[in-house]
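J.: Can you read through this structure? Questions will come right after.
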Amino acid sequence: MKKKIGFCKKEQGIFTQAYIRHIKDTLRAQVDCDVIDVDFREGYVLNDKAFVGDICLNDLDVYFWHDTVHPSQWHADNHFLHVLKAMESDVAVINTAESTRIVNDKFLSHMTLKKAGLPVGDFALVRADDRDALKSVFMQYEQDVLLKPRFGGWGIGIVRAQSVDVLLSTVEYMLSFAERKHHSLLVERFHKNDLSKWISVVVFGGKALFAYQKPLIGEADWKIYDPDRIDGRGRLSMCVAIPDEVRASAVAAQKAIGKDIIGFDFIYTEDGYKIVDENGRPGLYAHCLEEARIDVAQEIVNLVRSKL
Ligand SMILES: Nc1ncnc2c1ncn2[C@@H]1O[C@H](COP(=O)(O)OP(=O)(O)O)[C@@H](O)[C@H]1O
Ligand SMILES: [Mg+2]
């Protein structure tokens, strides 16, 4: 029987209108299906089913989406993820609600990877008003820590504290204007690393597609920082070979989090490569894809087929 594939990809980066059309044509050529353009972010939940207008998303066979669900606006309670969740009992969703919830939150992602035995940087979750815990973590992490936004990106807002004074004062400063007073902060050990070996790997399903390196372009000399999104299209990024150790960790990390399209930032420390960041929308840079001979349309079709 003809399959019904829901599809949601907005124009962005390599995904021009023509390329999106090409993906859908490739899908129809390889699967006996109707491709239905429908954006779950316009949806609502009625009892246990998801709807967009009068389309019931639960009637689909597979739903593919790759876009943003605005984690920094919605934080943990994300309407869009509830809509996805409502369709998941009936539909194979590419990029499930739970895997998206995890990947959007650096704390949940780190913990998922740690529990899977993967090499993730040391981290802690501490109440902002718990000065004793902040000081204790600071000492355990050898007096060099990062305060990292759980729902952030582009290196923005990551503060490095190498004294307890800077750590506590930064947190107090944040609390002085925060509307809510109860905040749970992600604190990480700053791992000394060789930034020339920084590498980010893009994984689709169980396959590591390619990796890129980024140059230091922001004002910081210890983090990959691009607040003005100068390298949004990755023109300054370089396609690099994936070391075996990195490939194995990236593939295992994809499996642990379960998101079909995902990327991981690795730093090279004294103890080898460590994951410090999990990306729900990894950089799909045209020149890297070309160099690595990756056909993204075909990879997306492969993902859909794997769910049928
Ligand atoms: N625990 C860490 N130790 C050392 N450097 C880190 C650590 N975490 C992040 N960094 C550096 O800061 C950069 C930005 O942090 P990241 O977690 O990737 O956040 P973002 O989501 O903003 O990209 C990383 O790519 C890395 O260069
Ligand atoms: Mg990053």
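J.: To the nearest 0.05, what FRET efficiency results for LYS49 and THR16 with a Förster distance of 45 Å applied to their C-beta separation? All intermediate terms of the calculation are to be shown ahead of the outcome.
T.: Values: r = 33 Å, r/R0 = 0.74.
Rounded to the nearest 0.05, the efficiency is 0.85.
J.: Using the alpha-carbon atoms, what tilt in degrees (0 to 90, nearest 10) does helix 106-115 show relative to the longest principal axis of the chain?
T.: 90 degrees
J.: Also, quick follow-up: Given a Förster distance of 22 Å, report the FRET efficiency between ASP228 and GLU290 from their Cβ-Cβ distance, rounded to the nearest 0.05.
T.: On the way: r = 26 Å, r/R0 = 1.16.
Calculated transfer efficiency: 0.30.
J.: May I ask you to derive the relative contact order of the range 1-127, considering only C-alpha pairs under 8 Å and at least 6 residues apart, and to give it as an integer percent?
T.: Numbers: 166 pairs, mean separation 28.6, N = 127.
Result for the range 1-127 is 23 percent.
J.: Roughly how tilted is helix 131-140, in degrees to the nearest 10 and between 0 and 90, from the longest Cα axis of the chain?
T.: Roughly 90 degrees between the two axes.
J.: Right, here's the next one. Run the dipole for the range 123-189 about the Cα centre, Lys and Arg Cβ at +1, Asp and Glu Cβ at -1, nothing else charged, and hand back the magnitude in debye, nearest 20.
T.: 200 debye
J.: Between ARG189, ARG229, ARG247, find the one with the highest GNM mean-square fluctuation for the chain; connect C-alpha pairs within less than 10 Å.
T.: With Cα springs under 10 Å in the chain, the top fluctuation among ARG189, ARG229, ARG247 is at ARG229.
J.: Looking at the chain, what % of the alpha carbon pairs are farther apart than 36 Å? Walk me through the numbers on the way to the answer.
T.: Numbers: 9925 of 47278 pairs.
Of all Cα-Cα distances in the chain, 21 percent exceed 36 Å.
J.: Now for a separate question. Residue by residue through the range 7-14, which ³J(HN,Hα) values in whole Hz follow from phi under the Karplus form 6.51 cos²θ - 1.76 cosθ + 1.60 (θ = phi - 60°), with glycine and proline marked x?
T.: Those phi angles translate into 9, 9, 9, 8, 4, 5, x, 5 Hz.
J.: Where does each of MET1, MET87, MET238 land when they are ranked from fewest to most other beta-carbon atoms within 10 angstrom? Let's see the in-between values first.
T.: Numbers: MET1 6, MET87 26, MET238 15.
Lowest to highest Cβ neighbour count: MET1, MET238, MET87.
J.: Jot down the radius of gyration and Dmax of the range 123-189, Cα atoms only, both in angstrom.
T.: 11.0, 32
J.: Taking every pair of alpha-carbon atoms in the range 1-134, give the share separated by more than 24 Å as a whole percent.
T.: On the way: 3845 of 8911 pairs.
Here the tail beyond 24 Å accounts for 43 percent of pairs.
J.: Return the single residue from GLU11, GLU179, GLU88 with maximal mean-square fluctuation; model: Gaussian network over the chain, springs between Cα atoms under 10 Å.
T.: The residue that fluctuates most here is GLU179.
J.: Using a Debye calculation, one point per C-alpha and no hydration shell, please list log10 I(q)/I(0) for the range 97-148 at q = 0.15, 0.19, 0.28 Å⁻¹ in order.
T.: -0.49, -0.74, -1.10
J.: Another question, then. Mean shadow of the range 208-300, computed from the convex hull of its alpha carbons, in nm²?
T.: Details: hull surface 25.9 nm².
One quarter of the hull surface, i.e. the mean projection, equals 6.5 nm².
J.: Taking +1 at the Cβ of each Lys and Arg and -1 at the Cβ of each Asp and Glu, which of GLY232, LEU186, SER163 sits farthest along the dipole of the chain towards its positive end, judged by Cα position relative to the Cα centre?
T.: Of the options given, the answer is GLY232.
J.: Could you work out [θ]222 nm for the chain from helices alone, using -39500 (n - 2.57) per DSSP H run of at least four and dividing by all its residues? Round to the nearest 500 deg cm²/dmol.
T.: Estimated from H runs of four or more residues: -9500 deg cm²/dmol.
J.: Further, regarding this structure: On a full-extension model of 0.36 nm per residue, what is the gain between ASP244 and GLN140, subtracting their alpha-carbon distance, rounded to one decimal in nm?
T.: On the way: separation 104, 0.36 × 104 = 37.44 nm, distance 3.10 nm.
Answer, rounded to one decimal: 34.3 nm.
J.: Where in the range 202-221 does the amide nitrogen come within less than 18 Å of the point 7 Å from the Cα of LEU308, taken along Cα to Cβ?
T.: Once the point is set 7 Å along Cα→Cβ of LEU308, 205 turn out to lie under 18 Å by backbone N, inside the range 202-221.
J.: Note the angle between two axes, namely the Cα long axis of helix 244-257 and the longest principal axis of the Cα atoms of the chain, as a number of degrees from 0 to 90, rounded to the nearest 10.
T.: 70 degrees
J.: List the residues, sorted by chain then number, that are 5 or more residues from ILE217 or on another chain and whose placed amide H is less than 5 Å from its amide H.
T.: HN-HN under 5 Å from ILE217: TYR225.
Each value in this text was obtained by applying a stated rule to the coordinates, not by laboratory testing. Predicted model, so just to flag it, every value in this text is computed and none were measured. When we count neighbours, we look across all protein chains shown, and the Cβ atoms used for this are built from the backbone with ideal geometry, even at glycine.
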